[in-house]
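What follows is a short report on a single structure.
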Amino acid sequence: MHLGRWYPTCTTLPDGKVAVFAGWTANNVSPPPNADIPEIYDPATDTWEQKPSATRVQEIYPFMFVMPDGRLFDAGPNRFTHFLDPATWTWGAAIDSILPTCADSSAVMFDAVKGKILKAGGAPVSGTGAATDTTVVFGGLDDPTWSAIGTLKLARRDHNMVVLPDGKVVAIGGTQGPTPKDPVMRAEVFDPTTGEWTVDPVTETMAIPRWYHSTASLMRDGRVIAAGGNNDLPLYNCQNCQYYRPPYLYGNPQRPVLTTNVPTEMVYAQEYSFGFLHEVGRQITRATLTRLTSVTHGFDQDQRFVPLKMTIGGGQVHVEAPASASIAPPGYYLLWILDDLGVPCSLAAYVRVHA
């Protein structure tokens, strides 16, 4: 790279290149100098190119997303958010996200077809402030504004948010204050159809607090693995993990199964058919993709949820691959089918999506 960077965000672009944003060029001075010129990595030529026309100071680990029309979107953690046009590498006008600039917050794209983004929590006063319960949603290309919606039931910062196979989002871990003295031990789930959060009704909590430097990722069996993180002394660095079972796994339900001709690759806009099994009396109603994860500091730089067009016929599921690389940038995803009770298949399939 042309600039050394502490705490940047790497974003896979529709053409397979990688855009690198923000960070600090040094970590031993105060205030740290910003890496304000984005760079593009081309894996085909193993070269880097700076984009000085897109020079802009951003927060570390900015919430960068590829939008369905190919533009990039900086969703925070700054209060004021911006589109970036890769045709000219210039930024658009500021869009007020309502949520104050919050360190240690989290964001996730929960509908990549429409470009909808959820942003929640964090601390308006970095380093010393208590967590906020504020939640906002960006309406995507159809409604490119932010709306305040149902607040977190448990204010939290330094948490992780994970999009599930059914399009809901779970918030895991974090703390109510600037230290792990007030950990948040219960998970809560955001439902995009209602705009509301629900604290997981299961009374069992995490075994240990997980906050700064923790991670959370969706597994192919539908569970979420929460790992690592700093903690209170004497166990400051957590060297363990724990699984979270989302609500769709309550009661050990019978789950759909992917069987024959399940694709390992998908080409954009092509149709694929594969076999399945499901419980008698239930129906398969949805097919979705979730991108594999690259999570650090409360933000998953690759995470996105892609609903697929789906029909059932001849004893098979028929799905259409994402329409374009702007909806699903090239790379690896988990392919899910879900029944009419919202229960996902027992094991998702790894699929490489590409042109």
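Structure notes:
- Residues that are acidic (Asp, Glu) and either surrounded by 15 or more Cβ atoms within 10 Å (Cβ to Cβ) or within 18 Å of the chain's Cα centre (by Cα) (or both), drawn from the range 330-355: 339
- In the range 229-243, residue modelled with the lowest pLDDT [restricted to those that are within 17 Å of residue 186 (Cα to Cα) and open to solvent by less than 30 Å² (accessible area, probe 1.4 Å)]: 231
- Being surrounded by 14 or more Cβ atoms within 10 Å (Cβ to Cβ) and touching a Phe, Trp or Tyr at 6+ places or on another chain (Cβ under 7 Å) is a property that residue 304 lacks.
- Strands (runs of 3 or more DSSP E) (entirely within the range 137-201) containing at least 3 residues that are within 15 Å of the chain's Cα centre (by Cα) and touching a residue at least 24 places away in the same chain (Cβ under 8 Å): 160-163, 169-172
- Inside the range 17-69, residues that are more than 17 Å from residue 6 (Cα to Cα), among the acidic types (Asp, Glu) and open to solvent by 50 Å² or more (accessible area, probe 1.4 Å) make up a count of 3.
- Members of the range 82-131 that are of a type in the set (Ser, Thr, Tyr) and touching a Phe, Trp or Tyr at 6+ places or on another chain (Cβ under 7 Å): 97, 106
- Residues in the range 94-108 that are assigned to a strand (DSSP E or B) and more than 18 Å from the chain's Cα centre (by Cα): 95, 96.
- Of the set (1) over 18 Å from residue 348 (Cα atoms); (2) open to solvent by 30 Å² or more (accessible area, probe 1.4 Å), all apply to residue 298 but (2).
- The range 109-123, residues that are open to solvent by 10 Å² or more (accessible area, probe 1.4 Å) and not in a loop (DSSP other than H, G, I, E, B): 110, 111, 116
- For the range 167-183, a residue qualifies if it is out of contact with any strand residue (DSSP E or B) (no Cβ under 6 Å at 6 or more places or on another chain) and open to solvent by less than 40 Å² (accessible area, probe 1.4 Å), and the qualifying residues are 177, 180.
- Candidates 298, 281, 331, 342 - the one that is out of contact with any Cys (no Cβ under 8 Å at 6 or more places or on another chain), without any contact (Cβ under 8 Å) to a residue 60 or more places away in the chain and among the small types (Gly, Ala, Ser): 281
- Scope the range 309-324; condition open to solvent by 20 Å² or more (accessible area, probe 1.4 Å) and part of a loop (DSSP other than H, G, I, E, B); matching residues: 314, 315, 323, 324
- Hits in the range 124-152 - residues which are closer than 28 Å to residue 54 by Cβ and either small (Gly, Ala, Ser) or open to solvent by 10 Å² or more (accessible area, probe 1.4 Å) (or both): 124, 126, 137, 139, 140, 141, 142, 143, 144, 145, 146, 147
- Test set (1) in contact with a Gly (Cβ under 9 Å, 6 or more places away or on another chain); (2) of a type in the set (S, T, N, Q); (3) in a loop (DSSP other than H, G, I, E, B) - residue 293 fails condition number: (1)
- Scan of the range 153-163 for residues that are surrounded by fewer than 24 Cβ atoms within 10 Å (Cβ to Cβ) and within 23 Å of residue 245 (Cβ to Cβ), ordered by number: 153, 154
- Failed item, numbered, when residue 213 is tested on (1) over 22 Å from residue 292 (Cα atoms); (2) open to solvent by 70 Å² or more (accessible area, probe 1.4 Å): (1)
- Residue 287, sole failed condition from (1) in a loop (DSSP other than H, G, I, E, B); (2) surrounded by 19 or more Cβ atoms within 10 Å (Cβ to Cβ): (1)
The values are calculated or read from the model by the stated rules, or taken from the named source; none is laboratory data. Since the structure is predicted, the reported quantities are computational estimates derived from the model, not experimental observations. Glycine gets a Cβ as well: all are built from the backbone with ideal geometry, and neighbour counts include every protein chain shown. Side chains included, ligands, DNA and RNA excluded: accessible areas come from the protein's heavy atoms. Shrake-Rupley method; radii C 1.70, N 1.55, O 1.52, S 1.80 Å.
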